[in-house]
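> My structure is below; once you've seen it, I'll send some questions.
The values are calculated or read from the model by the stated rules, or taken from the named source; none is laboratory data. It should be emphasised that the depicted structure is a prediction, and the values quoted were computed from it without experimental measurement. Cβ atoms come from the backbone with ideal geometry, glycine included; neighbour counts cover every protein chain shown.
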Amino acid sequence: MSPTKAEILAAVNASPNGITTAELADKLGGTRYSISGTVSKLATYGFIDKVERGGTRTCYTWKPKTKNVAAALILLLAAGFSSHAHAKAHHHRHHHARHWSHSAAPTRAARHSRRAVHFSDGRPSAWCGWYMRRLLGVHDASFNLARNWAHYGSPAAPAEGIIVVWPHHVGIIRGRARNGQWLVESGNDGHAVRTRPRSLAGAIAFRRA
């Protein structure tokens, strides 16, 4: 799965000296080819600038008028740039939460959409990876993407304190439930932070922090 436009914008924003499509692919996952198409559209719509690094490598930086991620995303949504948002325009739109709490979470429309919806506290719309970053003190924003946790720390087997990674979700094992399943704590689980018995079926990695 290719990174979203919001993830690419955030990565460009975090690279004041510019970033190439190859570096974006290394940081966010996906292929250089798929990222190049999205980056070209972002440049065409005026969110980022294309510049030469060292005279030989093309990289991308912020337009002077676009000062931060929040401003860019507001412009992005206002322009209706996301094709998925166009396809889902008939869905009901809700206002997102303004403050962080264990019970706060994206609305159903925002959670299932690929639109660039962000919270005032910095959470992306799919925020399980973001919650794990806060839990473990990880500053690298690339770990907002759940599947990137498959490369964090070292390989491990399921046990208490071990990170469990699914293709689109990440949590941390807190123990065993009476039914034999593992107790997993994670964010964005049913719109909240929850610790509950979960099957590990479909997990792609187990990592020790």
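> Quick check on I162: is it more than 18 Å from the chain's Cα centre (by Cα) and among the hydrophobic types (A, V, I, L, M, F, W, C)?
Considered against the rule, which asks whether it is more than 18 Å from the chain's Cα centre (by Cα) and among the hydrophobic types (A, V, I, L, M, F, W, C), I162 comes out as yes.
> May I ask you to verify whether R111 is surrounded by fewer than 16 Cβ atoms within 10 Å (Cβ to Cβ), at pLDDT below 95 and either in a helix (DSSP H, G or I) or under 15 Å from the mean Cα position of the chain (by Cα) (or both)? Please lay out each step first, then the result.
On the way: surrounded by fewer than 16 Cβ atoms within 10 Å (Cβ to Cβ): yes; at pLDDT below 95: yes; either in a helix (DSSP H, G or I) or under 15 Å from the mean Cα position of the chain (by Cα) (or both): yes.
When the stated conditions are applied, R111 passes them.
> Out of (1) under 30 Å from V12 (Cα atoms); (2) exposed (fewer than 14 other Cβ atoms within 10 Å of the Cβ), the odd one out for V170 is which?
(2)
> Output the qualifying pairs, or none if there are none: Cβ atoms under 7 angstrom, residues six or more apart or on different chains, first residue in the range 183-199 and crowded, with 21+ Cβ neighbours inside 10 Å, second residue among the β-branched types (V, I, T) and part of a loop (DSSP other than H, G, I, E, B).
Every condition considered, the pairs that remain are G187/V193.
> Can you find, within the range 30-60, the residue that is nearest to R147 (Cα to Cα) among those that are at pLDDT 75 or above and β-branched (V, I, T)?
Step by step, filter the range 30-60, then rank; the result is T31.
> Follow-up question, since we're still on this one. Mind telling me which of the residues A72, A11 ends up being at pLDDT below 75 and part of a helix (DSSP H, G or I)?
A72 is the lone residue from the list that is at pLDDT below 75 and part of a helix (DSSP H, G or I).
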